[in-house]
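To keep things clear, I will list the structure first and then write my remarks on it.
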Amino acid sequence: MSVGITIRRATHDDYEGVKAFTEDLWADRGGDYIPEIYHDWLEDGDERKKTFLADAGDEVAGIVQAVMLSDDEAWFQGMRVNPAYQRQGLSGRLNEACFEWAREQGATVGRIMIFSWNAASLGAARTGGFEPLTEFRFAHPEPDSDASSPDSVSSDPRRAWRYWTHSDARDHLRGLGFAPEESWAMRELAREDFERLADETAVFAVERESAPVGASYRARTYDREGDDGEPETWAEYGVGVWDDVDAARSLFGAIARDAAELGADRTRVLIPETAGYVSDASYAGAEISEEPDFVLGIEL
């Protein structure tokens, strides 16, 4: 067991300790992002977040962050356990710290996202009480100011919301889409989100014969280092859903034009991980990610 290890709030002074055990993780998959974003990642007075650190004295034994995405939805992210301290119950202690804090904030549910290839983390999550909820994949339409759409596409949030509420994708995704407030985090979408995002970013409603047949919204844009070491601008769309391949082409066309107008180099659109949606996206001409991501949840 993890005797002598203290769970406390992480600080900027812990950076070197965190970097020491995370910088070589997943080297075969491009490495861990925590060392690159650590200082920006910490909450720094943001009461919606708390980052927990397992302090072993001379070393950092583990880390995780809890975030409140709504009044009753918590998101847990960045769970890492130092290989030297694995199999000592640390992930359970870090989870419990997150659970206790989230309950104090009013959370009734907590969720996590795990790459489908990360079998160790999937097993640890199930051991910690998390249950599988859904899975998704990314589509990557190329930014293109001249991209076409077979169907008309409006920015009407009412039409987009109406389609989302009646979509089988909403059931598959458990009502979840990317949270505009937090990168790599998902929460339940509400009508107010579509109305607000129509003003702040962009909302898309694919329409055919006055009926909605597809919907999406832009969650954010961000910059990251590309494979060549140069910065790239990405436009992220929090969910993409549609009726058929032509509706998918129309939606991706609108997204491609939107991304081009923003000057984005790349896009990513969250789509349900089903045979229909994934094959539709490919058939519609969009690049798709090689593997899905899993979302798990726990009642608090």
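Table for the structure above
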quantity: Pair list, Cβ under 6 Å, 6 or more apart: the range 192-203 residue closer than 9 Å to residue 218 by Cα and modelled with pLDDT of 95 or more, other residue buried (at least 19 other Cβ atoms within 10 Å of the Cβ) and among the small types (Gly, Ala, Ser); calculated: 203/160
quantity: One residue from 119, 84, 97 being open to solvent by 30 Å² or more (accessible area, probe 1.4 Å) and either closer than 25 Å to residue 69 by Cβ or within 20 Å of the chain's Cα centre (by Cα) (or both); calculated: 119
quantity: All positions within the range 210-244 that are among the acidic types (Asp, Glu), open to solvent by 40 Å² or more (accessible area, probe 1.4 Å) and within 20 Å of residue 33 (Cβ to Cβ); calculated: 223, 225, 227, 228, 230, 232
quantity: Filtered residue count, the range 150-174, keeping only those that are surrounded by fewer than 17 Cβ atoms within 10 Å (Cβ to Cβ), under 16 Å from residue 272 (Cα atoms) and touching a strand residue (DSSP E or B) at 6+ places or on another chain (Cβ under 6 Å); calculated: 1
quantity: Subset of the range 204-252 [within 16 Å of the chain's Cα centre (by Cα), over 20 Å from residue 276 (Cα atoms) and in contact (Cβ under 8 Å) with a residue 40 or more places away in the chain]; calculated: 217, 218, 219, 220, 221, 235, 236
quantity: Residue within the range 134-149 that is of a type in the set (S, T, N, Q) and open to solvent by 40 Å² or more (accessible area, probe 1.4 Å) present; calculated: yes
quantity: Every pair of residues 6+ apart whose Cβ atoms lie under 8 Å, when the first sits in the range 6-26 and is open to solvent by 80 Å² or more (accessible area, probe 1.4 Å) while the second is assigned to a helix (DSSP H, G or I); calculated: 23/35
quantity: Check on residue 280, more than 23 Å from residue 187 (Cβ to Cβ) and open to solvent by less than 70 Å² (accessible area, probe 1.4 Å); calculated: yes
quantity: Test: residue in the range 254-275 that is over 14 Å from the mean Cα position of the chain (by Cα), of a type in the set (A, V, I, L, M, F, W, C), at pLDDT 95 or above and more than 18 Å from residue 153 (Cβ to Cβ); calculated: yes
quantity: Evaluation of residue 269 against (1) out of contact with any strand residue (DSSP E or B) (no Cβ under 6 Å at 6 or more places or on another chain); (2) buried (at least 18 other Cβ atoms within 10 Å of the Cβ) (one fails), failing number; calculated: (1)
quantity: Filter pass, residue 58 being open to solvent by 30 Å² or more (accessible area, probe 1.4 Å), acidic (Asp, Glu) and more than 23 Å from the chain's Cα centre (by Cα); calculated: yes
quantity: Complete set of residues in the range 181-191 that are open to solvent by 10 Å² or more (accessible area, probe 1.4 Å), modelled with pLDDT of 95 or more and either farther than 30 Å from residue 34 by Cα or not acidic (Asp, Glu) (or both); calculated: 187, 189, 190, 191
quantity: Test for residue 227: is it out of contact with any Lys or Arg (no Cβ under 9 Å at 6 or more places or on another chain), in a strand (DSSP E or B) and at pLDDT below 95; calculated: no
quantity: Selection count where residues are surrounded by 14 or more Cβ atoms within 10 Å (Cβ to Cβ) and either touching an Asp or Glu at 6+ places or on another chain (Cβ under 9 Å) or in a helix (DSSP H, G or I) (or both), scope the range 27-41; calculated: 7
quantity: From the options 64, 60, residue that is in contact with a helix residue (DSSP H, G or I) (Cβ under 7 Å, 6 or more places away or on another chain), over 12 Å from residue 21 (Cα atoms) and β-branched (Val, Ile, Thr); calculated: 64
quantity: Failed item in (1) closer than 17 Å to residue 300 by Cβ; (2) in contact with a helix residue (DSSP H, G or I) (Cβ under 8 Å, 6 or more places away or on another chain); (3) free of Cβ contacts under 8 Å to residues at least 40 places away in the same chain; (4) crowded, with 18+ Cβ neighbours inside 10 Å, with residue 49 passing the rest; calculated: (2)
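The values are calculated or read from the model by the stated rules, or taken from the named source; none is laboratory data. Here the structure is a predicted model, which is why all the values come from computation and not from measurement. In this analysis, Cβ positions are derived from the backbone assuming ideal geometry, glycine residues included, and neighbour counts consider all displayed protein chains. Ligands, DNA and RNA are excluded from the accessible area calculation, which covers all protein heavy atoms including side chains. Shrake-Rupley method; radii C 1.70, N 1.55, O 1.52, S 1.80 Å.
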